[in-house]
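As structure tokens, the structure follows; a few thoughts come after it.
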Amino acid sequence: MPRIRALPNVPYRVAVAAHAVPLITLPSGLWRLALAAGLPVAEDSVPHWGQGLYVVMLSVVSEALALLTLGLVRSWGEVVPVWVPVLGGRRVRPAAAVTAALAGAAGLVAVLGWAVYASVAGLGEGSIGSPAQNALLLVCYLPLIAWPPLLVYVAVAYHRRRTALAPVRV
């Protein structure tokens with residue numbers, strides 16, 4: 001088995017799930033970067049530099065949010081790194097991390113649900129270009145369907161691991 005960096009008490013399959021999240025968001029981010037760069041991934045390119053900046057920032061932010069999933073299996077998800085201003089060195093409350101992760105998963109489900117509804121209801125153009133461009137878009141965006149369930153799986157495992165170690169208060 002390949003070596004995956006995680007805390008010693010994290011089950012292997014949970015660590016694999018956490019590491020899969022940034023990888024499944026990568027194709028859609030690369031597609032958006034190609035669009036912003038003017039590559040022929042869609043019939044229409046990004047017409048304005050401001051929209052190009054938005055597309056690039058969307059890719060950066062989505063990948064950064066996906067990388068936060070790794071905090072649920074690594075030490076910086078239990079104690080804030082000392083270099084972080086104000087919070088550095090403090091323990092991460094399990095409820096705060098799990099709430100943020102589950103809220104993120106709920107937001108992703110809402111966005112994915114809207115995308116499916118818009119597609120089925122015929123909102124928008126429905127096609128971004130040629131059949132090859134449409135196929136590329138699907139190949140790049142379809143993996144995002146796995147993001148919410150993987151995030152929920154890792155968050156629940158984090159919660160179980162962190163609360164099982166917490167002392168019981170009477």
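Between amide H atoms placed 1.01 Å from N, distances below 5 Å from VAL46 occur with GLY38, all of them 5 or more places distant or on a separate chain. Counting 0.36 nm for each residue step from VAL139 to ALA106 and taking away their Cα separation leaves a gain of 9.6 nm.
Mean-square fluctuations from a GNM of the chain, with a 10 angstrom spring cutoff on Cα atoms, peak among LEU150, LEU137, LEU53 at LEU53.
Annotation: for a label point projected 7 angstrom from Cα along Cα→Cβ of SER45, residues of the range 115-130 with backbone N closer than 17 Å are 129-130. Let me have the relative contact order for the chain, percent, based on Cα pairs under 8 Å that are six or more residues apart. The value is 32 percent. Dipole size of the range 1-120 about its Cα centre, with +1 on Lys/Arg Cβ and -1 on Asp/Glu Cβ: approximately 660 debye, rounded to the nearest 20. When peptides 62-71, 92-101 are ranked by their average number of other Cβ atoms within 10 Å per residue, the highest-first order is 62-71, 92-101. Computed with every protein chain present, the accessible area of SER75 is close to 70 Å² [probe 1.4 Å].
The values are calculated or read from the model by the stated rules, or taken from the named source; none is laboratory data. Small disclaimer: the values here were computed from a predicted structure and weren't measured. Here Cβ is always computed from backbone atoms with ideal geometry, including for glycine, and neighbour counts include all displayed protein chains. Ligands, DNA and RNA are stripped out before the accessible areas are found, and what is left, the full protein with its side chains, is counted by its heavy atoms. Shrake-Rupley method; radii C 1.70, N 1.55, O 1.52, S 1.80 Å.
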